[in-house]
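Inspection log for the structure reproduced underneath, given as structure tokens.
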Number of protein chains: 2
Amino acid sequence: MSSDSRAASAPSPALVFEALSAYQRTAALRAAIELDLFRAIGEGPGDVASIARRCSASERGTRILCDYLTVIGLLDKIDGRFHHTPTSAMFLDPRSPASIASTAKFLGNPMLRQPFDSLAEIVRRGRTVLPGQGTVEPENPAWVEFAHSMAPMMAPMAAPLGAIVLEGRRGPLSVLDIAAGHGLFGIEVARQNPEARVVAIDWAAVLEVARVNARKAGVQDRYETKAGSAFEVDYGGPYDIVLLTNFLHHFDPPTCVTLLKKARASLARGGRVAALEFVPNEDRVSPPMAASFSLSMLATTEAGDAYTFSELEAMYRAAGFDEVAGHPVPTGPHTVVVGHAA
Amino acid sequence: MSSDSRAASAPSPALVFEALSAYQRTAALRAAIELDLFRAIGEGPGDVASIARRCSASERGTRILCDYLTVIGLLDKIDGRFHHTPTSAMFLDPRSPASIASTAKFLGNPMLRQPFDSLAEIVRRGRTVLPGQGTVEPENPAWVEFAHSMAPMMAPMAAPLGAIVLEGRRGPLSVLDIAAGHGLFGIEVARQNPEARVVAIDWAAVLEVARVNARKAGVQDRYETKAGSAFEVDYGGPYDIVLLTNFLHHFDPPTCVTLLKKARASLARGGRVAALEFVPNEDRVSPPMAASFSLSMLATTEAGDAYTFSELEAMYRAAGFDEVAGHPVPTGPHTVVVGHAA
């Protein structure tokens, strides 16, 4: 990117070689998670023979995999023994409550990955090679896997999102959680406000996961579900808060406006719609995670994108919102975009 | 790695997410090469509509792909227009004589890539899931592709390798190039010493590529070929120089010793064997390119590895060499390991 020091530096064939070999990083991390290698590292003592034994793996394979993970910064090697880095200790050891190792399942879902084998064709066509609407085809089972495996990655963003949408508001409150998935965001609002009631919408199989999470959080008595498409289900209402988390990026702007209009129509007076999104800067090439996300939407959807704030603001305004504000989430790469109805 | 600042820094879920998504870098670069996008960038003017037209691609796909390539440092974006970085101008634009875009073909060969889909199983077994000896099975057509597509990546190393093995030596000289591939290394020795004669060994189909390159370099009158396995062909000799480029890493140490003994037996008095290898430091986790290469050998061979200098030195000594020296190649990630016979 223009702010990337590498772009301005001397020409480097290594940069090309690294990109052509980058798929090996994904394979190495996925293999390590599958072998439960990060647990073996955490339990010590970190020599190759012990790790191999715990992982029921060969010593040759274990040594080479651990060396590779060290090269890419996901393990540390000191005097021939392997140890956690701060990142692998917190986010990859299954004994850590913050572990996001399970995200490998959803991010490795063949439906998400296989289109990348046809990326040139996708760029030619301008849309996914998956049939229909791609990942957002009705009742797609991938979203059940999303609800299960991505929850640990989304969990750290729930508390800040709850605070942003509630703005300290107490007393009775009704919340609609559209495309709720794991349900963590609506559930968190219900935890922060003990008088909030939540209605969650998603495919029936996905809502089972959300209901389990609502029970775990002890908010099941204030948690209702409505199965079906966000575009077709009657939302009911009126709601004080409508959540649209990780959803708009799957659709083109006119479809987003349609959805935002429907959400707005379900709002009580003074209510707001809050979307959680990857929002790249207006240059569309920073920050890296939000900007990179567009490629996934190209590969797996018909017309989705990671929208900039000005694009989202225009959609909200076209849907009748008067005031739109972006709140970057300090604990993750996402931004909460809040639209207020007058 | 222990010297990587990231390992010591604060825990970062982004590092995990990046690794799980790294396969997209490979897909994006491969797609761009397939679409001839780097030529379109070089020819300007760099707006999405012009690039899309030149690549016969959609504007949506082109825009998102160019943004992504900018994020990963392979393009630059200024005021909404895309430009080459120094790296993409020199190494990815097909109009550049130094372009290594063709390496995408060999590095993307399914035989090299598919084992990474079974990496956990490979780590369990300690060897490739490919049948037999993996990539070094007899007459493997992948090496014809290697000879064609990897030559531009190897070319910058040929001149330094030639200088290292010749040490300024003039006059009649005989050279054996084992597993010659594209032939560039033996050919370069013949260019640097106009009285050198080269015998190249490889599979018959691969040698056709080497012979074409020898003709292009004008050394065909001093260039002979012997088709067959490096382990079975009668080397002839005696030779002043034996080249073993990118070959030892496919085998286990005893097999390497067998091969080095055979090479040594073909040497004239005072001759030397020179191997071109990825040689990681003794910690096995630096420098990144050489250290990472072990994983490819795990995935695609029965027992190969990227050997450290001390391991290679031990093999040379076991094969009867008296003096062994490592010469890092300044123009690439490789090291030339030279063994002298007394």
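Here are some notes:
- For chain B, the longest site-free run once trypsin sites (Lys or Arg not before Pro) in DSSP loop states with at most 16 other Cβ atoms within 10 Å are removed: B:171-342
- For A:290-301, mean number of other protein chain Cβ atoms within 10 Å: 5
- Within straight-line cross-link reach of residue B:262, lysines at Cα separation under 19 Å, skipping those fewer than 8 residues along the same chain: B:226
- DSSP assigns beta bridges within chain B; of those with both partners inside it, close to 45 percent run antiparallel.
- Net charge dipole, the stretch B:140-265: roughly 280 debye, given to the nearest 20, about the Cα centre with Cβ charges of +1 for Lys and Arg and -1 for Asp and Glu.
- For chain A, built as a Gaussian network whose Cα springs stay under 10 Å, the top-fluctuating residue of A:141, A:11, A:156: A:11
- Relative contact order (percent, whole number), the stretch B:142-194, Cα cutoff 8 Å, 6+ residue spacing: 48 percent
- Pairwise centroid distance, computed over Cα atoms, of the stretch B:11-58 with the stretch B:262-286, Å: 39 Å
- Contact order normalised by residue count of the stretch B:80-182, Cα under 8 Å, 6+ apart, percent: 26 percent
- Ranked from shortest, the separations from the 7 Å Cα-to-Cβ label point of residue B:56 to its equivalents in the other copies are 5.1 nm.
- For A:100-113, mean number of other protein chain Cβ atoms within 10 Å: 2
- For the stretch B:44-140, size of Cβ-based charge dipole, Lys and Arg +1, Asp and Glu -1, in debye: 80 debye
- Computed across the protein assembly as shown, the Kirkwood radius stands at 27.3 Å (inverse of mean 1/r, all Cα pairs).
- Whole-percent pair-distance distribution, where bins are 10 Å wide, for the alpha carbons of chain B: 5, 22, 30, 24, 14, 4, 0
- Tensor-based shape of the stretch B:79-228 (alpha-carbon gyration tensor, a/c under 1.5 rounded, otherwise prolate or oblate): oblate
- In the stretch A:280-342, the GluC sites (Glu not before Pro) that fall in loop regions by DSSP, at most 12 other Cβ within 10 Å: A:282
- Within-13-Å neighbourhood charge of residue A:135 [Cβ basis; K, R +1; D, E -1]: -2
- Of B:33, B:122, B:72, the one that fluctuates the most in a GNM where chain B has Cα springs shorter than 10 Å: B:72
- Computed Kirkwood radius, in angstrom, where 1/r is averaged over Cα pairs of the stretch A:188-298: 15.6 Å
- Here residue A:215 yields copy-to-copy label distances, from shortest upward, of 7.6 nm, the label point defined as 7 Å from Cα along Cα to C-beta.
- When chain A is treated as a GNM with alpha-carbon contacts under 10 Å, the residue of A:69, A:29, A:276 showing the greatest mean-square fluctuation is A:69.
- Nm distances between copies for residue B:98, ranked from closest, using label points 7 Å along Cα→Cβ: 4.2
- Here the sum of -39500 (n - 2.57) over DSSP H runs of 4 or more residues, divided by the residues of the protein assembly as shown, equals -13000 deg cm²/dmol at 222 nm, to the nearest 500.
- Chain B, relative contact order [Cα under 8 Å, separation at least 6], %: 13 percent
- Span-like helix ranges in chain B, DSSP H, alpha carbon extent 15 angstrom or more, Kyte mean at least 0.5: B:151-166, B:288-300
A short reminder: the numbers here are calculations on the coordinates, not readings from a lab. This one's a predicted model, so the numbers in the text were calculated from it and none came from an experiment. Reconstructed Cβ throughout: ideal geometry from the backbone, glycine too, with neighbour counts over all protein chains shown.
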